[in-house]
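**Student:** Encoded as structure tokens, here's the structure I'll be asking about.
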Amino acid sequence: MTSVGAGEERALTSVAAGDRYQGEKPRDLPRLWHVTLSVSGEEAPLKEVRRALEQLAHDHPFLLTSRYANDHAEIRYWEEARDLHDAAAVALRLWGEHRQTAGLPPWEIVGLEVIDRQTYHQRIAEGYGPPPATPVGAHPF
């Protein structure tokens, strides 16, 4: 092992998404992931934000619920994906890919949580975490 002196850079290594350790069982079957996406930006009229979120729910049928204000929103839904990397990648593209078609405000993603189904239900059973999304739809904060 070589030491890195002041001002020198050390190469970083990582494991690519989907790579497995030797002996690890493959998990190619899709799983359900609970996604919470938070966005914010400059103020927009509440009616336009609500209409855009309702259109997003129409375009993305797995959308459970969204809460919104004139300068931020939170979207919660279930995503079916092979692993967390895939679910997070889809979530990070959701707002940008639907911005034009749904008329979403030009807000940026400021938060993302992706948890597996078991963790979601464990949190609910223990009394913390977001309550189950009822009623479904777009609602003001």
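**Student:** From the phi angles alone, apply the Karplus equation (6.51, -1.76, 1.60; θ = phi - 60°) to the range 73-79 and give each ³J(HN,Hα) in whole Hz, x where the residue is Gly or Pro.
**Tutor:** Residue by residue, the range 73-79 yields 8, 10, 10, 10, 6, 9, 10 Hz.
**Student:** Another question, if that's okay. Tell me, what is the Rg over Rh of the range 51-141, with Rh the Kirkwood radius over Cα pairs?
**Tutor:** 0.95
**Student:** Sticking with this one: Could you run the Karplus curve 6.51 cos²θ - 1.76 cosθ + 1.60 with θ = phi - 60° over the range 54-68 and give me ³J(HN,Hα) per residue in whole Hz, x for Gly and Pro?
**Tutor:** Residue by residue, the range 54-68 yields 5, 5, 4, 4, 5, 6, 10, x, 8, 4, 8, 7, 9, 10, 8 Hz.
Quick note: the coordinates plus some simple rules give every number you see, no bench work behind them. Keep in mind the model is a prediction, meaning the values are calculated, not measured.
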